[in-house]
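The structure under discussion appears below in the form of structure tokens.
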Amino acid sequence: MLLITCPWCGPRDETEYHYGGQAHVPYPETPADLTDEQWAAYVFYRDNPKGPFAERWMHSIGCRRWFNVLRDTATHEVLTSYRLDEPRPELPQAGGNR
Amino acid sequence: MTAAQPLPEHPDFLWRNLEPRSSYDVVIVGGGGHGLATAYYLAKNHGITNVAVLEKGWLAGGNMARNTTIIRSNYLWDESAAIYEHALKLWERLPEELDYDFLFSQRGVLNLAHTLQDVREGVRRAGANRLNGVDAEWLEPDEVAKVCPILNVSPRTRYPVLGATFQPRAGIAKHDHVAWALARRADELGVDLIQGCEVTGFLKDGDRVVGVETNRGRIHAGRVGLAAAGHSSVLAERAGVRLPVQSHPLQALVSELHEPVHPTVVMSNHVHVYVSQAHKGELVMGAGVDSYNGYGQRGSFHVIERQMAAAVELFPVFARAHVLRTWGGIVDVTPDASPIIGATPVGNLYVNCGWGTGGFKATPAAGWTFAHTLATGEPHPLNAPFALERFTTGALIDEHGAAAVAH
């Protein structure tokens, strides 16, 4: 069971949240101009690192707000969490594998 | 305590433990079931024996040691039914072909329906299966109870059993012995099985791969095939290839040993658990992946708790059983829950990955088609639809929810 800190509600059990996959994947700026390959990359391809990973979570049985978590996928350690309008934090322990 | 007894004689080793040579025609990365089956069929079907299987740990110590051993071919779509049914036909003859009884037991699989939508899906899938030559039938609740008497088919449960599909030729096998049977025969045919050999990078000449860097030196290769399950995208990235897979923990558990009580395999998509009883007597259970990406070979306990609750709901007799052991593996899941078997944008580099939660049952067909692909450079008709290009063309084989199980 992961212990994840919601930026608004504080630390709660993983069972209160819903997972949303990789964070910082912007919608294409000019969708009409995209090739099939570019659409495939946007729709189907996500990073899958072994190590620090910025990902989205939603506090589905709390405040119901989306936010981002920096988590190590090898150790499952939750490194930090941050709001959607904040950039990915630069952490010394999360810098090695980007 | 008396004086120590002398140790019994070590049984015969089933394969040689070799040092890697400097060059091979084909290098397979990953010594699990798929890698070993690929090596076996490269030798048997294509006469290619100058082959190495590189395994970073010990043979068959990853997902091959961690799965719930269910074998079935009752998938909805034509492409899936074709490759999984090919696998099932190979399973039926492999014990004799490999001269190794790995306890392949065709005890059937029930896929339960608990909602009207489940019923419609099941009836449709059984019909599709029969059109594809896959044995499948639709059973009403009283017929389900005849196949599996310990299953609670009472209408007074939270999610009553409204029926099930049944595939009589489905079953289970002893996973470790499957791997050892394939390893022994591949070794006899001249394949080098190399354990403790981790691929750390790729040797490239322009846009093609010409070998691998390992913790035991450089190994040149005519062609390289990745069969590394949960670590496929980590490896492929080292060759400059991005794969549309996400690695998740998948957990399973066993109870202590019990008298034989469970005569078949039961899978429930809706309350979400699947259960069989191993030959030795353990109840073997699994369910879906943990939601988050993870390489830790473990998951969260509430996932276990949920599948236990489902198991006790379906099988009241299990209420007094105990969880003996839980574990996790790393499964690589694709966007359409179907595998990727074929070429990559990098020359001479091929992948067999994305099997997600269902790779064990496909072991012989994955090996058969991947060996064909590595031997000829072209896909076998069975794996042609499972090419990486489908994510660009849009020709997906969407088995999410259609494959009789949620992933």
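The values are calculated or read from the model by the stated rules, or taken from the named source; none is laboratory data. Since this is a predicted model, take the numbers as computed values, not measurements. Note that each Cβ is placed from the backbone with ideal geometry, even for glycine, and that neighbours are counted across all protein chains shown.
Pairing each residue of segment A:35-50 that is at pLDDT 95 or above with any residue that is in a helix (DSSP H, G or I) and surrounded by 15 or more Cβ atoms within 10 Å (Cβ to Cβ), provided the two are 6+ apart or on different chains, yields C-beta distances under 7 Å for A:Asp36/B:Thr392; A:Glu37/B:Thr392; A:Ala40/B:Phe391; A:Ala40/B:Thr392; A:Phe44/B:Phe391; A:Asn48/B:Ser233; A:Lys50/B:Val234. If the condition is being over 19 Å from B:Asp176 (Cα atoms) and either at pLDDT below 95 or surrounded by 20 or more Cβ atoms within 10 Å (Cβ to Cβ) (or both), then segment B:34-74 contributes B:Leu42, B:Ala43, B:Ile48, B:Val51, B:Ala52, B:Ser73, B:Asn74.
Can you name the helices (runs of 4 or more DSSP H) wholly within segment B:296-407 that have at least 1 residues being within 13 Å of chain A (Cβ to nearest Cβ)?
On the way: elements: B:301-314, B:363-376, B:390-393.
The helices (runs of 4 or more DSSP H) meeting that bar are B:301-314, B:390-393.
Highlighted here are the strands (runs of 3 or more DSSP E) found entirely within segment B:86-195 that include at least 2 residues which are farther than 19 Å from B:Ser73 by Cβ: B:192-195.
What is the number of the single condition among (1) surrounded by fewer than 23 Cβ atoms within 10 Å (Cβ to Cβ); (2) at negative phi; (3) at pLDDT below 95 that B:Ala287 does not meet? Just one mismatch for B:Ala287, condition (1). B:Ala164 passes every criterion in (1) out of contact with any helix residue (DSSP H, G or I) (no Cβ under 8 Å at 6 or more places or on another chain); (2) surrounded by 14 or more Cβ atoms within 10 Å (Cβ to Cβ) apart from (1).
Filtering segment A:5-43 to residues that are more than 10 Å from chain B (Cβ to nearest Cβ) and either among the hydroxyl-bearing types (Ser, Thr, Tyr) or not in a loop (DSSP other than H, G, I, E, B) (or both) leaves A:Thr5, A:Cys6, A:Gly10, A:Pro11, A:Arg12, A:Glu16, A:Tyr27, A:Thr30, A:Pro31, A:Ala32, A:Asp33, A:Tyr42. Just one of the numbered conditions (1) within 14 Å of chain A (Cβ to nearest Cβ); (2) surrounded by fewer than 20 Cβ atoms within 10 Å (Cβ to Cβ); (3) under 30 Å from B:Lys89 (Cα atoms); (4) not aromatic (Phe, Trp, Tyr) is not true of B:His272; which one? Failing condition for B:His272: (1).
Within the span defined as segment B:354-363, every residue fails to be in contact (Cβ under 8 Å) with a residue 60 or more places away in the chain and surrounded by fewer than 19 Cβ atoms within 10 Å (Cβ to Cβ). Kindly check whether there is at least one residue in segment A:61-69 that is of a type in the set (S, T, N, Q), surrounded by 16 or more Cβ atoms within 10 Å (Cβ to Cβ) and away from every other protein chain (no Cβ under 11 Å). Yes, the conditions are met somewhere in segment A:61-69.
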